[in-house]
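One structure is given here, and the rest of the page talks about it.
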Number of protein chains: 2
Amino acid sequence: MYYLGVDLGGTNIRAGLVDEYGDIIRMNNLPTLRERGFEPIVRDIAMLVRGLIEDESLDPADIEHIGIGIPGTVNRKKGLLIYANNFDFANVPVVEQLRSHIDLPVYLQNDANCAALGESAAGAAKDVNDSITLTLGTGIGGGIIAGGKVYSGFNDAAGELGHTVIVRGGEQCTCGRKGCWEAYASATALIRMTRRAAQENPASLINTLTDGAPGKIDARTAFDAEKQGDEAAAEVVGEYIDYLSEGLIDLVNIFTPERIVIGGGVSRQGENLLGRVRPLVEEKIYFKGEPRTSIVQARLGDKAGIIGAAMAGD
Amino acid sequence: MYYLGVDLGGTNIRAGLVDEYGDIIRMNNLPTLRERGFEPIVRDIAMLVRGLIEDESLDPADIEHIGIGIPGTVNRKKGLLIYANNFDFANVPVVEQLRSHIDLPVYLQNDANCAALGESAAGAAKDVNDSITLTLGTGIGGGIIAGGKVYSGFNDAAGELGHTVIVRGGEQCTCGRKGCWEAYASATALIRMTRRAAQENPASLINTLTDGAPGKIDARTAFDAEKQGDEAAAEVVGEYIDYLSEGLIDLVNIFTPERIVIGGGVSRQGENLLGRVRPLVEEKIYFKGEPRTSIVQARLGDKAGIIGAAMAGD
């Protein structure tokens, strides 16, 4: 039996045919062109998945269901996209629209939950039942897996793990509150901190590495400059790691998941990041006994969303 | 079928015979006398539950199981009390010890989780599947109910909802971190804030109501003085409500539970507290759609722990 997973992004629609082991058999994509309205987008989703079925000489009857990862809030029961950050649409009956093109069960799921499901089904949390997957990118995506399934609350809106205040009255967050973890531990926050340090330390390697152009500073810059011995960069990285750990400690105290999986751009620092985060977390979590939560790097990269969408059935 | 619930506290052991509807048929208690070592405590637990069975002319065969609420960490699978704040014991094989006195299945559960289970089975969250129960007392007890069951992580240690930092570097918490929610929204925190206000405002009614003795200030004092028009007290209450709301917003963003139940001493303020908390939470939670989390007062008082313990089976 096969599954179809669709990762609907602001720029691209990516679809994959996934087998029961969570392996992607074949992938394809189309530009989202989000300004064009939602119905043509759904038509393209239908075209993509039909293409995948045909290219593998399969029949719709070989497909268990289609899952779609949405960058926003969904209503799973009603099959609605309620609201998505990157789109101008609200309350779109995505399931109904897609089923008018292709007669298969369709499930919606939030994209961060899909990433968590993907890592749980076939990635870094494959061997455990309870995990949390964080995606450190523009924001902090969060997905909670409990007993192998997404925990998404009674209204499909749970898992906004980045929108928890760690610095009351602190940095303005996009959600309207001040001091959210996302405003301190996302890639965006790291870039902001790196830019501030560059401005305050004109002689810093941060400026050398980016030709003095703040616009060239990205989530790698501070780590790169630190490796070359730059003090201001080391301070930024140290501060970032502190903030990241603060929220991770909270999550361990709340969930004691068997594993926390960290993905997204910043996670590519691998052990240079996680090797420094772990002792900070270990030192301060509430539970002193065994067994303990492990913190690991994500494994599936941007395929997690497709694989997780394919696994987003009932 | 009947269940036996035991609430093991630092001062008293309270036990109840509970029916399948979560109603307490009969209760009894004994002093804990915690300095005497754990085996005599277990003997007294056995005596209490045997007494309840006999007083109702029941037979052990009429009892499904015994559940014990422990003020600390347990290992449910191994039947161990791992660690309890109020006791000098660690790694006690409670289940094995109790079963040497009485031949019934025995389950352990953390006491805050028992309170949550109780409110879920027979109290303020009876009609929903996903709820969180908070007990605002010396600390903040937290219990997560997902799909009608306690979510306690892979090591039974989840649900330390009070030990999440909302003010980084803030007030010292008993857990070793600084700025935990518990250090701002527990009854203890409210008393600390009230005492500070009393000291800084000698003319405040807070001092009049407590004969100028800081030791007489409790979790009701600020609310009482506010009701009589005292400005300093109103400021304390307003600040407390802000802190309480901050953590509640985090919990809604993380879990979007169908209901949050608030118990413990401070919750006796009822709508005077919750009626002011709700709009603050509503204003700032991430999810803007329907349906929404409701925040209500606990219903079972100190019986929640016994009823929940009775429901703490597999």
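Yes or no: residue B:244 away from chain A (no Cβ under 14 Å), among the hydrophobic types (A, V, I, L, M, F, W, C) and out of contact with any Ser or Thr (no Cβ under 9 Å at 6 or more places or on another chain)? Break it down stepwise before answering.
Working: away from chain A (no Cβ under 14 Å): no; among the hydrophobic types (A, V, I, L, M, F, W, C): yes; out of contact with any Ser or Thr (no Cβ under 9 Å at 6 or more places or on another chain): yes.
So residue B:244 does not fit the description; no.
I'd like the full set of residues that are touching a helix residue (DSSP H, G or I) at 6+ places or on another chain (Cβ under 8 Å) and closer than 25 Å to residue B:165 by Cβ, limited to the range B:218-245.
Passing the criteria: B:219, B:222, B:235, B:236, B:237, B:239, B:240, B:241, B:242, B:243, B:244, B:245.
Of everything in the range A:177-209, what is surrounded by fewer than 24 Cβ atoms within 10 Å (Cβ to Cβ), within 14 Å of another protein chain (Cβ to nearest Cβ) and assigned to a loop (DSSP other than H, G, I, E, B)? Give them in sequence order.
A:179
What single numbered condition from (1) touching an Asp or Glu at 6+ places or on another chain (Cβ under 9 Å); (2) closer than 26 Å to residue A:303 by Cα fails to hold for residue A:251?
With (1) touching an Asp or Glu at 6+ places or on another chain (Cβ under 9 Å); (2) closer than 26 Å to residue A:303 by Cα applied to residue A:251, the lone miss is (1).
With in contact (Cβ under 8 Å) with a residue 24 or more places away in the chain, away from every other protein chain (no Cβ under 11 Å) and more than 11 Å from the chain's Cα centre (by Cα) as the only criterion, which of B:121, B:116, B:157, B:112 stands out?
Details: B:116 fails: more than 11 Å from the chain's Cα centre (by Cα); B:157 fails: away from every other protein chain (no Cβ under 11 Å); B:112 fails: more than 11 Å from the chain's Cα centre (by Cα).
Sole residue among the options that is in contact (Cβ under 8 Å) with a residue 24 or more places away in the chain, away from every other protein chain (no Cβ under 11 Å) and more than 11 Å from the chain's Cα centre (by Cα): B:121.
State yes or no: is residue B:235 more than 12 Å from chain A (Cβ to nearest Cβ), surrounded by 16 or more Cβ atoms within 10 Å (Cβ to Cβ), without any contact (Cβ under 8 Å) to a residue 12 or more places away in the chain and not in a loop (DSSP other than H, G, I, E, B)? Show your work before the answer.
Details: more than 12 Å from chain A (Cβ to nearest Cβ): yes; surrounded by 16 or more Cβ atoms within 10 Å (Cβ to Cβ): yes; without any contact (Cβ under 8 Å) to a residue 12 or more places away in the chain: no; not in a loop (DSSP other than H, G, I, E, B): yes.
Answer is no for this residue.
Do we have any residue at all in the range A:277-293 that's among the basic types (Lys, Arg) and at pLDDT below 95?
The answer is yes; a qualifying residue exists.
So how many residues does the range B:210-224 have that are among the small types (Gly, Ala, Ser) and assigned to a loop (DSSP other than H, G, I, E, B)?
At the first step, the residues of the range B:210-224 found to be among the small types (Gly, Ala, Ser) are B:212-213, B:215, B:219, B:222.
Within this subset, residues satisfying the condition of being assigned to a loop (DSSP other than H, G, I, E, B) are B:212-213, B:219.
The number of residues fulfilling the criteria is 3.
Of the conditions (1) of a type outside the set (Gly, Ala, Ser); (2) farther than 29 Å from residue A:310 by Cβ; (3) at the interface with chain B (Cβ under 9 Å from one of its Cβ atoms), residue A:151 fails just one. Which one is it?
Every listed condition holds for residue A:151 apart from (2).
From the list A:164, A:174, which one is touching a helix residue (DSSP H, G or I) at 6+ places or on another chain (Cβ under 6 Å) and either more than 7 Å from chain B (Cβ to nearest Cβ) or buried (at least 21 other Cβ atoms within 10 Å of the Cβ) (or both)?
Working: A:174 fails: touching a helix residue (DSSP H, G or I) at 6+ places or on another chain (Cβ under 6 Å).
It is A:164.
So which residues in the range A:121-151 are surrounded by 23 or more Cβ atoms within 10 Å (Cβ to Cβ), of a type outside the set (A, V, I, L, M) and either at pLDDT below 95 or touching an Asp or Glu at 6+ places or on another chain (Cβ under 9 Å) (or both), if there are any at all?
Answer for the range A:121-151, where residues must be surrounded by 23 or more Cβ atoms within 10 Å (Cβ to Cβ), of a type outside the set (A, V, I, L, M) and either at pLDDT below 95 or touching an Asp or Glu at 6+ places or on another chain (Cβ under 9 Å) (or both): A:130, A:131, A:133, A:135, A:139, A:141, A:142, A:143, A:151.
Given (1) buried (at least 19 other Cβ atoms within 10 Å of the Cβ); (2) modelled with pLDDT of 95 or more; (3) out of contact with any strand residue (DSSP E or B) (no Cβ under 6 Å at 6 or more places or on another chain), identify the lone condition not met by residue B:87.
It fails just one condition, (2).
The values are calculated or read from the model by the stated rules, or taken from the named source; none is laboratory data. Since the structure is predicted, the reported quantities are computational estimates derived from the model, not experimental observations. Because the Cβ atoms are built from the backbone with ideal geometry, glycine has one as well, and the counts that use them run over all protein chains shown.
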